[in-house]
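The values are calculated or read from the model by the stated rules, or taken from the named source; none is laboratory data. What you see is a predicted model; the values in this text were computed from it and never measured. As a convention, Cβ positions derive from the backbone with ideal geometry for all residues, glycine included, and neighbour counts pool all protein chains shown. We work out accessible area using only protein heavy atoms, side chains counted, and drop any ligands, DNA or RNA first. Shrake-Rupley method; radii C 1.70, N 1.55, O 1.52, S 1.80 Å.
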Amino acid sequence: EAGVAQSPRYKIIEKRQSVAFWCNPISGHATLYWYQQILGQGPKLLIQFQNNGVVDDSQLPKDRFSAERLKGVDSTLKIQPAKLEDSAVYLCASSPQGYRTTGELFFGEGSRLTVL
Amino acid sequence: AQTVTQSQPEMSVQEAETVTLSCTYDTSESDYYLFWYKQPPSRQMILVIRQEAYKQQNATENRFSVNFQKAAKSFSLKISDSQLGDAAMYFCASLNSGGSNYKLTFGKGTLLTVNP
């Protein structure tokens, strides 16, 4: 079974530029999450999708971050314009039906963003 | 709101020995789950062990076991017979399973070094 795929693995941009990250969850997983992991901290949930609907985006900085999951499968997270404090690893995770099954999330390898 | 605290930023252990990683949490929910996730360097986060709060028996998975003290809101991870491959960042996480929105909250992590 293929795992959660993310791209790009690494991205370096100047502040005020834009960047987009892509995630393809495990086939059949209804729920998709984007987490931000700043160095030295635990992952923080940015947004949670159930199929193609948003369940929780309370911690997403909506003035600069946006995310979509148009067909209920893959997802894109965009940052525009980027700030220095956006330097982090962006983790995508999926689970079969929210947390209801085992409570386990399956993570991708992450996309490391450096903003200069 | 849920909070998860890992008071040990770094730990080290000799190969074949036992190490315990600490975690405390705070939740107002009566029904919740607790997890330990492992994040090897530059690799994806994977689930190590899971504990349902309603279960009194401590979870075990091969060399990994937990000490779940519900009244004290403590959830420590014991790794027995440590192996070089156990070296990673370990995150404690809590999930409340009440209501329709399940949110996974992570601690800041403990970096485990295994010395040969």
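Taking the alpha-carbon distance from B:Lys55 and a cut-off under 25 Å, which lysines remain once sequence neighbours fewer than 8 residues away in the same chain are dropped?
B:Lys38, B:Lys70, B:Lys73, B:Lys78, B:Lys103
With the convex hull built on the Cα atoms of the protein assembly as shown, state its orientation-averaged projected area in nm².
Over all viewing directions, the protein assembly as shown projects a mean Cα-hull area of 12.7 nm².
In the protein assembly as shown, what % of DSSP beta bridges are antiparallel (nearest 5)?
85 percent
Send over the Kirkwood Rh of chain A, from the inverse of the averaged 1/r over different Cα pairs, rounded to one decimal Å.
14.0 Å
Quick one: Karplus J couplings for the range A:20-37, per residue in order, coefficients 6.51, -1.76, 1.60, θ = phi - 60°, nearest Hz, x for Gly and Pro?
Running phi through 6.51 cos²θ - 1.76 cosθ + 1.60 with θ = phi - 60° gives 9, 10, 10, 9, 10, x, 5, 4, x, 6, 7, 10, 10, 10, 10, 10, 10, 10 Hz.
Give the residues of the range B:1-22 whose amide nitrogen is closer than 16 Å to a point set 7 Å from the Cα of B:Glu29 in the direction of its Cβ.
From the range B:1-22, the list is B:1-5.
Apply the Kirkwood formula to the range B:45-110: the hydrodynamic radius equals the inverse of the mean of 1/r over all pairs of different alpha-carbon atoms; give it in Å with one decimal.
That comes to 13.3 Å for the range B:45-110.
What list of ³J(HN,Hα) values in whole Hz, one per residue of the range B:81-94 in order, does the Karplus curve 6.51 cos²θ - 1.76 cosθ + 1.60 (θ = phi - 60°) give from phi, with Gly and Pro shown as x?
Running phi through 6.51 cos²θ - 1.76 cosθ + 1.60 with θ = phi - 60° gives 6, 3, 10, 4, x, 7, 4, 4, 8, 10, 10, 8, 8, 10 Hz.
Shielding by partners for B:28-40, please: the mean number of other protein chain Cβ atoms within 10 Å of each residue's Cβ.
Mean number of neighbouring Cβ atoms from other chains: 2.
Measure out, as a whole number of angstrom, how far apart the alpha-carbon centroids of the range B:24-70 and the range A:49-94 sit.
Rounded to whole Å, the Cα centres lie 26 Å apart.
Taking the Cα centre of the protein assembly as shown as origin and charging only Cβ (+1 Lys, Arg; -1 Asp, Glu), how large is the dipole, in debye to the nearest 20?
500 debye
Starting from the Kirkwood Rh over alpha-carbon pairs, what translational D in µm² s⁻¹ does the range A:30-80 have by Stokes-Einstein at 4 °C and 1.567 mPa s?
115 µm²/s
So what is the accessible area of chain A per residue, in Å², with the probe set to 1.4 Å?
For chain A, the per-residue accessible area is 48 Å².
Expressed in whole Å with the largest first, what are the equivalent ellipsoid semi-axes of chain B derived from the C-alpha gyration tensor as the square root of 5 times each eigenvalue?
25, 14, 12
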